[in-house]
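**Student:** My questions all concern the structure below.
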Amino acid sequence: MTSDALISPEGLAAILGEPDVLVVEVSFLEPDVAPYFVSHVPGARYAYWKDLLWHETTRDFAEPDVLARRLGALGVGEQTRLVLMGDRVQMGTYAYWVLHRAGLLGHVSVLDGGRRTWQARGLPLTSKEVRVSPSTLRAGVGDASTRISREEVLAGLGDARRVILDMRSFEEYTGQRVAPLGAPCDHGAERRGHIPGALSLPHERLLGADGSLLAPRVIRETLAELGVEETSQVVTTCRLGHRAAFAWFVLSVLLERRGVRVYDGSWTEWGSIVGVPIER
C-alpha cells in the first residue's frame, strides 16, 4: 500500500491538466441519469461500474486482461497517474479494490470524498465533452486474498477472532429495509436483516460533513468503540459490495491493517441463500 493512494480534492485540482494525470468518474448510475453528463471534473472520463469492472455475463469480476483493455480504452496507460473519483464515495474505493485484486493499481489514487466533496469545495466542473485517446495497459500480479466467499463466512460464524463489519445503514442492518433510504425501490434480497454476529458500522460514520474521510485517529477510535481490536480478523460486508470495499480501503490502505477481507456477495447474496442463518 502507498501513502498516495488517497488524494485530496485540492491535491487533484493542483495537478489537473498535467499530461500523465487522468480522472475516471466511476458511476453507480447509468449514462441516462449519471451526474457526469451534466457536469464533471475537466478532462474526466465516465465509467459505469458494471461495464468497467464486472464480467459481461456472470456476477463476478472481469479477468485482469479484460480490465486492462477497458482501462486502456479510457486512455489509461503504463505511465498514467489514474485518479478514481466516485459519484458516490464508495464507487471510487470499490474500483480501487477490484484493480488491486487484478494487479492493475500502478499509479492509482482515490479522490477523497469523490464528487460530493469536490462539489462541496467549489472546485471546477465542466460540461465539455472529453476526447479519449486509447492507450495500452498490462495487468501485473494481483491479490485475490482480500476477497472472502459465502462458504468461508458461514464457516467462520461464531469464531471469536473474527469481526464482521456491516457497512450498511441502520435501517438495512435491522431489517427495516433491504436497500438504503433514498433508493428508487426497496429490493435486492429475499430476506431482511444481517449476518449473525455482525457489527453495525454505517459507512457515513467514517465521513465528515462534506463527505471526505475522517482523520485516521478518529476512525481508529470509532473501531475501538465497536470492540474491533488490532488483532481482530475483519470481514467487511454491505448490500452490493461497494461499501464493504470502502471499509477495506479505509482499514487496509489508510490504517494499514492486515488481513481485511471483503465479502462482496454481501446482502444481495446472503439474504437470498436458502438455509443460511439471519439475525434482525
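**Student:** Show the residues, 5+ positions off or on another chain, whose built amide H is closer than 5 Å to the amide H of PHE61.
**Tutor:** Here the answer is HIS55, since their amide H atoms fall under 5 Å of that of PHE61.
**Student:** Let me ask you something else. Compute, for the chain, the length of the dipole vector about the Cα centre, with Cβ point charges of +1 (Lys, Arg) and -1 (Asp, Glu) only. Units Debye, rounded to 20.
**Tutor:** My answer is approximately 80 debye.
**Student:** What net charge do the residues around ALA120 carry, taking every other residue with its C-beta under 13 Å from that of ALA120, with Lys and Arg at +1 and Asp and Glu at -1?
**Tutor:** After counting each charged neighbour, the total is 0.
**Student:** Among (1) 58, 40, 30; (2) 52, 39, 37; (3) 63, 52, 40, only one was calculated for this model; which label is it, if the read-out is Cα extents along the principal axes in Å?
**Tutor:** (2)
**Student:** Still on this structure: Scan around SER109 for amide H atoms under 5 Å from its own, H built in the peptide plane at 1.01 Å from N, and keep only partners 5 or more places away or cross-chain.
**Tutor:** LEU82, VAL83, LEU84
**Student:** Among bridges DSSP assigns within the chain, what percent are antiparallel (round to 5)?
**Tutor:** 15 percent
**Student:** While we're here: Can you give the FRET efficiency for SER200 and THR136, using 1/(1 + (r/R0)^6), R0 = 51 Å, r = Cβ-Cβ distance, to the nearest 0.05?
**Tutor:** The pair SER200/THR136 has a calculated efficiency of 0.70.
**Student:** If you find the alpha carbon centre of segment 27-82 and of segment 202-220, how far apart are they in angstrom?
**Tutor:** 26 Å
Every number here is computed from the coordinates shown, using simple stated rules; none is lab data. A quick note: this is a predicted structure, and the numbers were derived from the prediction, not measured. Ideal geometry is used to build each Cβ from the backbone, glycine not excepted, and the neighbour counts take in all protein chains shown.
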